[in-house]
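Single-structure report; data block below.
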Amino acid sequence: MSKLKDARMKLRGELEAPPALRQFGSGWISGVLGLVLGVAGLLLVLSLLAPGALAIPETETLRDSPWYRAAIHFTLISAFALSALSLVLRPDRTLGTCGVAVTLCAALIGGSQATAQVSGRMPLFFGVDFFVLNVLFTGFLFIPLERIFAHRNKQPIFREEWREDLFYYLVSSLMVQVLTFLTFLPAKSILGIAPLTGVRVWVVKLPIVMQFVVIMLLTDLVQYWVHRAFHRVPWLWKFHSVHHSARSMDWMAGARMHFLEILALRSTTVIPMYVLGFSTAPMNTYVFVVYLYSTFVHANLGWRFPVIEKILVTPRFHHWHHGIEEEAVDVNFSIHFPFLDRIFGTYHLPKDHWPSEYGLPGHPVPLGYLSQLKYPFRRKPKTSRT
Ligand SMILES: [Zn+2]
Ligand SMILES: [Zn+2]
């Protein structure tokens, strides 16, 4: 057991290596990429072996495509080659060895040619493939941007508490079936009681672009007040303080949110979108846009958008929402449109500066997913925001 722990700590030490040991040519970049692609390949192969339990229905067409198999094959070949390169370049062989080991495991259980061992869909399934596609897509999109246009250019990819935030990604991706079902439950119940047929017929005839803009406005309005309630009502704040406990802002930080808060926030914000009867295309577009947008506003991006930041929420605007200082308390609740904060008196965007630090004074929220899950139910959480 202690050997396993030693190996885990050694791997973590390598991922969090100091800047001098991460330089180009040190074998760190190839080692990390090899390991990430190897783990991604292994998880995708597992989802091919048990698609009814480990893959989401939405990827079925993708899984039937020869291009998907070719992409998994290419991922595994790249993982092996990069890990081998790291073994050549890097005196410490931890990253390279782990990368080769997971890639070989993926090849041994069938690689890109793996076929389903159990047919049919399980009543409860986990989005293993969704997690991989989610992290690879978001990571490969935002990590290069954060390297080039960083607000904090000394913040490493594997910064403090990265494991917690990645675990949040994992849980919300794996539990996608449960989350989606519970998210739409209140909206479906409301629609059952009040069908609003006349309104729905009128809404569905609106131009698609207009429907999309209206969805953004309505969901942000609902999100604003739900979010504000999470700050103002003490027992709700216990849940939301988990999101505010993040001490680093980047593409992973937004994923940190208590499971019950995700449910509360999503199930209330979808109500206007679902009940008023918008078309499927603008609704699906909105879901994709909000997924990227919420990652973007947390990202470690130092971009200044002098004109745009007055109209749309930018990373600097939302970073102020996460600031540790007094002036950042209970400001900038919007996720899309800052004018809502202007109207309701919570707008705060100083001309030239950013928050000094992120998180909560005294950092009262414990580390670790399970501890944070239990945190709101503790008798006396030590935090108070207002
Ligand atoms: Zn908040
Ligand atoms: Zn946030």
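Every condition in (1) at pLDDT below 95; (2) of a type in the set (F, W, Y); (3) touching a His at 6+ places or on another chain (Cβ under 6 Å) holds for W235 except the one numbered (3). I'd like to check something: does segment 273-289 contain any residue that is crowded, with 18+ Cβ neighbours inside 10 Å and within 16 Å of ligand 1 (Cβ to nearest atom)? So far as segment 273-289 goes, no, none of its residues is crowded, with 18+ Cβ neighbours inside 10 Å and within 16 Å of ligand 1 (Cβ to nearest atom). Looking at segment 278-386, the helices (runs of 4 or more DSSP H) lying wholly inside it that each contain 1 or more residues that are polar (S, T, N, Q) and either in contact with a strand residue (DSSP E or B) (Cβ under 7 Å, 6 or more places away or on another chain) or farther than 24 Å from F239 by Cβ (or both) sit at 280-298. For residues in segment 319-337 being surrounded by 17 or more Cβ atoms within 10 Å (Cβ to Cβ) and within 9 Å of ligand 1 (Cβ to nearest atom), which is nearest to T219 (Cα to Cα)? So, considering only residues that are surrounded by 17 or more Cβ atoms within 10 Å (Cβ to Cβ) and within 9 Å of ligand 1 (Cβ to nearest atom), the one nearest to T219 (Cα to Cα) is F333. Could you check, for segment 300-313, whether at least one of its residues is touching an Asp or Glu at 6+ places or on another chain (Cβ under 6 Å) and modelled with pLDDT of 95 or more? Taking every residue of segment 300-313 in turn, at least one turns out to be touching an Asp or Glu at 6+ places or on another chain (Cβ under 6 Å) and modelled with pLDDT of 95 or more.
Taking the listed residues H319, H258, the one that is modelled with pLDDT of 95 or more and within 11 Å of ligand 2 (Cβ to nearest atom) is H319, with no other qualifying.
In a residue-by-residue description of segment 192-212, the property of being closer than 30 Å to L373 by Cβ and either aliphatic (A, V, I, L, M) or surrounded by 13 or more Cβ atoms within 10 Å (Cβ to Cβ) (or both) applies to no position.
Scanning segment 217-244 for residues that are buried (at least 23 other Cβ atoms within 10 Å of the Cβ), among the hydroxyl-bearing types (S, T, Y) and closer than 20 Å to F317 by Cβ yields a total of 0. Scanning segment 249-272 for residues that are in contact with a Phe, Trp or Tyr (Cβ under 7 Å, 6 or more places away or on another chain) and more than 16 Å from ligand 1 (Cβ to nearest atom) yields W251, M252, V270. The one condition from (1) free of Cβ contacts under 8 Å to residues at least 40 places away in the same chain; (2) over 30 Å from R304 (Cα atoms) that A116 does not meet is (1). Taken together, the residues in segment 22-35 that are surrounded by fewer than 22 Cβ atoms within 10 Å (Cβ to Cβ) and in contact (Cβ under 8 Å) with a residue 24 or more places away in the chain amount to 6. Among the residues making up segment 245-264, those that are surrounded by 22 or more Cβ atoms within 10 Å (Cβ to Cβ) and in a helix (DSSP H, G or I) are A253, G254, A255.
Checking G25, G34, G96 one by one, the residue that is in contact with a Leu (Cβ under 8 Å, 6 or more places away or on another chain) and within 24 Å of F130 (Cβ to Cβ) is G34 and no other. Of everything in segment 261-288 that's under 30 Å from F149 (Cα atoms) and touching a residue at least 40 places away in the same chain (Cβ under 8 Å), which residue is nearest to ligand 2 (Cβ to nearest atom)? Filtering segment 261-288 for residues that are under 30 Å from F149 (Cα atoms) and touching a residue at least 40 places away in the same chain (Cβ under 8 Å), the one nearest to ligand 2 (Cβ to nearest atom) comes out as I262.
Working carefully through the options I335, I311, find the one that is within 24 Å of M210 (Cβ to Cβ), in contact (Cβ under 8 Å) with a residue 24 or more places away in the chain and away from ligand 2 (no atom under 16 Å from the Cβ). Criteria check complete, one pass: I311.
The values are calculated or read from the model by the stated rules, or taken from the named source; none is laboratory data. Note that the structure is predicted; figures quoted are calculated from it, not measured. Positions of Cβ are generated from backbone atoms using ideal geometry, with glycine treated the same way; all protein chains shown enter the neighbour counts.
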